[in-house]
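Quick one: the structure is below, and I'll ask about it shortly.
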Amino acid sequence: MAAVLETKALHKNFGGLTATNNVTFALPAGARHALIGPNGAGKTTFVNLLSGVLTPTSGTVYLDGTDVTRWPAHRRADAGLARTFQINQLFADFTPLETIVLAISQAKGLATRFLRPVGTDAGVVSAAADLLQRLTLADVMHARVGSLPYGKQRLLEIAIAIASEPKVLLLDEPAAGVPESEREQILDVVAALPGEMALVLIEHDMDLVFRFAKSLTVLVNGGVLVEGSPGEIVNDPRVRQVYLGELHVEGFSQPHAGGALG
Amino acid sequence: MTSLAAGARVATADPGAHLVAKARWRWPEFLLWLFAIALIWLAPSRYLLFNEIAILALLALSIDLVLGFSGIVTLGQGAFYGLGAYTAGLMAKHGIGTFPWSDPLLGLLGAGLVAGFVGFLSSFLVLRGSDLTRLMVTLGVALIVQELGNKLDWITGGADGLQGVMPAPLLGLFDFDIFGRTAYLYSLSVLFVLFLLARALVNSPSGLSLRAIKGNVIRARAIGIPVERRLVVIYTIGAAYAGIAGALLAQTTQFVSLDVLSFEKSADALLIVVFGGVGTLYGALVGSIAFKAMYDVLASATPEYWSFWLGLALVLLVLFARGGIIGLLTALRDRLDRARSARA
C-alpha cells in the first residue's frame, strides 16, 4: 500500500538538544498506528513536525507523495492532514455548531464568502449537525464551547479535526485528562472513525494503545527504537528495558495485548 | 439572543436557522439608526457635532474590524485616517476635472484606495509578534506618517494645515452648507453603507474565520485557515475604512490639520471602541456618541478637567464593565430575558 504520510531522516534540534533524531516513518492509507514512548521521547515534537507547527532542521515530510516539508500548517491541513492537540485548542467563544460549520466551510473552500451570514449554506449546516450528532454533541451544539464540560470539549477537539474528512488524522492523547466515566465514549468515537482515514495515535495509556493499534512505533530520545505489531512490541526486550520503572508498566500486562511484563 | 430553552427548540428543528438568526436585525439597531436620522429635524443647530460623531464612529468602526474581530491591537489607525484626509483634501483643493470627476464620492474612493494601499503594505509588519509588538509597530508607522505630513509641507501645508479645500457639490446637487446639514447627511449615509458592509462581513463565514484567528490561532491554522492572508485582508479593509473617515472629515470641514495624524487621534478612537464594547460593531457607534456627548458636557462645564473625567470613566469601565456600553446593555437584556422566562 502506498504511504499517505511519510518522513525521511527527519531531524529537529532545539539549540543543542536533539528532539527528533533521524526518524524515517511511513504510514499506509487507512492505518491504525500508535506512537508511544516514555516522557520526553519526542512524540509531540514529531507530531508538530508532521503537522507543520514546527519546521525540521533537516529531512523530508511527504503527504500523499508530495514533499510538504516547507509547507505551513494551514496548507497541510487543506491537503488532508488533520490533528487534535494534547491540550484542547478550541474557539472558546464559538458554539460547537459554529466551530464545525467553520471547519467544513474552510475544507470546502467556502470560508472566504463574505456577504451572506453563516448558516445560509444548508449543505454545510446539515453536515455539521450530522457530525455533532455522531459525536454525541448535538444537545450542546448551541452552547458556548468554553462552558462545556471537559469531556465534551475533548470530543469537539476530535470533531473539528475530522470535519474536513482528512486522509490522515493525528490524535495527540485524545483521552488525556478525561474522567474515567467519559473515556469509553472517546474510545468509541475513535474506534468508529472511517476505515480509509489513516490514524496515528500518540498515547501514554497502553490499554488504549493495544485496543486500537494494528502497528506501533516506539520513540526514545527522539529516535525510533523499534517498530512492529503490538505482539512484537510487547515482547521486545529493548522496549521492556525502556519502560521498566515507568509508571505505564502495568499497561503492558493487558491480557489481549498478548504479553506480560510483570 | 433567545433564551436557552427557546434556543434548544429551534436548534433541533433547524440548526441553520439558529445560526442565521444571530445575524438578524434587532429592534435596538433600527432604533439607533432612526434616531440618527431623526436628529436632522430634532436638533438642526448641532449638525456639525453630529457630523463629527459620524466620522469618529467610522474611524472607531475601522478599529473594531481590526481589533475587535481580528485581534490585531493597533495604536496607529490615525495614520490611515490622516492619509485619507490629505488625499481627499488635496483632490478637492486642486480639483480633478469637472463634474462628475470632481465629485466628493470620488474623493472618498481615492482616500480609501490610498489608505488601503498603505495599510496593505504595512500589514506585513503586524503579522508577526505579540500584542505589544503590534502596538509598537502600528504606533511607529503612525509616527512616521505624521512626521512626513509635517515635513512635506509643500504638499500638506505642514503645521498650518491644508487650506482651501473646496469640495464640489455632492452628486452635483448638494452644496456643503455652513450649518453642516449636507455634511451630516453625507457622513451618516457613508457610515451607514460601510456599516452594512462591515456587519455583513462579520456575520459571514469570512467573519467567522477572522474571529477564529482571534480566538485561537493554532487551531485556526490546523483547520487550514491561511491566517496571514486573512489578517492582511482585514487590516487593509480597516485602513481603507479609516481613510474614508478621514476623507469625510476633510471634505465636510474643508480643512485638514496635522492633528488628524496625531497620536491622540488614534488613542481616542481606540478608547471609543473600548468604551463602546470591543468586537460588537455597535460599540464603535455608541462609544463615539458617548465620548462626544461626554466631551460636549464635561469639557464645556470644566474644560481644564476633561482628561480627569475621561480617565475616571475609563478606569471605572475597565474595572466594572469589561464589555463596554454594549456589554452592559447585553447583560441587562439577558437579565430581563431570564426574569421574563422565570415568570412565564
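Could you tell me which of the residues B:164, B:129, B:207 is among the small types (Gly, Ala, Ser), under 29 Å from residue B:72 (Cα atoms) and in a loop (DSSP other than H, G, I, E, B)?
Every option except B:129 fails the conditions.
Can I ask one more? Give me the residue from the stretch B:220-238 that is among the small types (Gly, Ala, Ser) and either touching a strand residue (DSSP E or B) at 6+ places or on another chain (Cβ under 6 Å) or more than 11 Å from residue B:58 (Cα to Cα) (or both) and, out of that set, surrounded by the fewest Cβ atoms within 10 Å (Cβ to Cβ).
B:224
Which residue is nearest to the other protein chains (Cβ to nearest Cβ), if the candidates are limited to the stretch A:143-173 and must be over 17 Å from the mean Cα position of the chain (by Cα) and in a loop (DSSP other than H, G, I, E, B)?
Among those that are over 17 Å from the mean Cα position of the chain (by Cα) and in a loop (DSSP other than H, G, I, E, B), it is A:143.
Of B:268, B:259, which residue is surrounded by 18 or more Cβ atoms within 10 Å (Cβ to Cβ) and either without any contact (Cβ under 8 Å) to a residue 24 or more places away in the chain or out of contact with any strand residue (DSSP E or B) (no Cβ under 6 Å at 6 or more places or on another chain) (or both)?
B:268
Filter the stretch B:290-344 for residues that are of a type in the set (D, E, K, R) and within 30 Å of residue B:43 (Cβ to Cβ) and give the result.
Residues satisfying the conditions are B:292, B:296, B:304, B:333.
Here's a check for you: in the stretch A:56-71, which residue that is surrounded by fewer than 18 Cβ atoms within 10 Å (Cβ to Cβ) and either under 18 Å from the mean Cα position of the chain (by Cα) or among the aromatic types (Phe, Trp, Tyr) (or both) is nearest to residue A:2 (Cα to Cα)?
Only one residue fits best here, namely A:64.
In the stretch A:84-123, what count of residues is obtained for those that are buried (at least 20 other Cβ atoms within 10 Å of the Cβ) and outside any loop (DSSP other than H, G, I, E, B)?
So the count comes out to 12.
Going by the conditions given, is residue B:72 β-branched (Val, Ile, Thr), assigned to a helix (DSSP H, G or I) and either buried (at least 18 other Cβ atoms within 10 Å of the Cβ) or at pLDDT 85 or above (or both)?
So residue B:72 does not fit the description; no.
A further question follows. Can you tell me how many residues within the stretch A:1-39 are closer than 20 Å to residue A:171 by Cβ and outside any strand (DSSP E or B)?
Counting residues in the stretch A:1-39 that are closer than 20 Å to residue A:171 by Cβ and outside any strand (DSSP E or B) gives 6.
Residues that are under 23 Å from residue B:199 (Cβ atoms) and either out of contact with any Asp or Glu (no Cβ under 8 Å at 6 or more places or on another chain) or modelled with pLDDT of 85 or more (or both): does the stretch B:291-302 have at least one?
Yes, some residue in the stretch B:291-302 is under 23 Å from residue B:199 (Cβ atoms) and either out of contact with any Asp or Glu (no Cβ under 8 Å at 6 or more places or on another chain) or modelled with pLDDT of 85 or more (or both).
Pick out the one residue from A:201, A:261 that is surrounded by 12 or more Cβ atoms within 10 Å (Cβ to Cβ), at pLDDT 85 or above and not in a helix (DSSP H, G or I).
Matching residue, one of A:201, A:261: A:201.
So residue B:189 fits all but one of (1) surrounded by fewer than 23 Cβ atoms within 10 Å (Cβ to Cβ); (2) facing another protein chain (nearest Cβ under 10 Å); (3) not acidic (Asp, Glu); what number is the exception?
Failed condition: (2).
Which residues, taken from the stretch A:50-61, are touching a strand residue (DSSP E or B) at 6+ places or on another chain (Cβ under 7 Å) and either more than 14 Å from chain B (Cβ to nearest Cβ) or at positive phi (or both)?
Within the stretch A:50-61, A:56, A:57, A:58, A:59, A:60, A:61 meet the criteria.
Right, another one. Can you name every residue in the stretch A:124-137 that is within 30 Å of residue A:64 (Cα to Cα) and either basic (Lys, Arg) or part of a helix (DSSP H, G or I) (or both)?
Selection gives A:124, A:125, A:126, A:127, A:128, A:129, A:130, A:131, A:132, A:134.
Would you say residue A:143 is surrounded by 14 or more Cβ atoms within 10 Å (Cβ to Cβ), over 30 Å from residue A:217 (Cβ atoms), small (Gly, Ala, Ser) and in contact with a helix residue (DSSP H, G or I) (Cβ under 6 Å, 6 or more places away or on another chain)?
No: the conditions fail for residue A:143.
On the basis of being more than 11 Å from chain B (Cβ to nearest Cβ) and either touching a residue at least 12 places away in the same chain (Cβ under 8 Å) or out of contact with any Leu (no Cβ under 6 Å at 6 or more places or on another chain) (or both), does residue A:207 make the cut?
Criteria met by residue A:207.
Separate question: Please find, within the stretch A:74-133, the residue that is nearest to residue B:206 (Cα to Cα) out of those that are within 8 Å of chain B (Cβ to nearest Cβ) and basic (Lys, Arg).
Checked the stretch A:74-133; the qualifying residue nearest to residue B:206 (Cα to Cα) is A:113.
The values are calculated or read from the model by the stated rules, or taken from the named source; none is laboratory data. Owing to the predicted nature of the structure, the values given are computational and were not obtained by experimental measurement. So basically every Cβ, Gly included, is an ideal-geometry build from the backbone, and we count neighbours across all protein chains shown.
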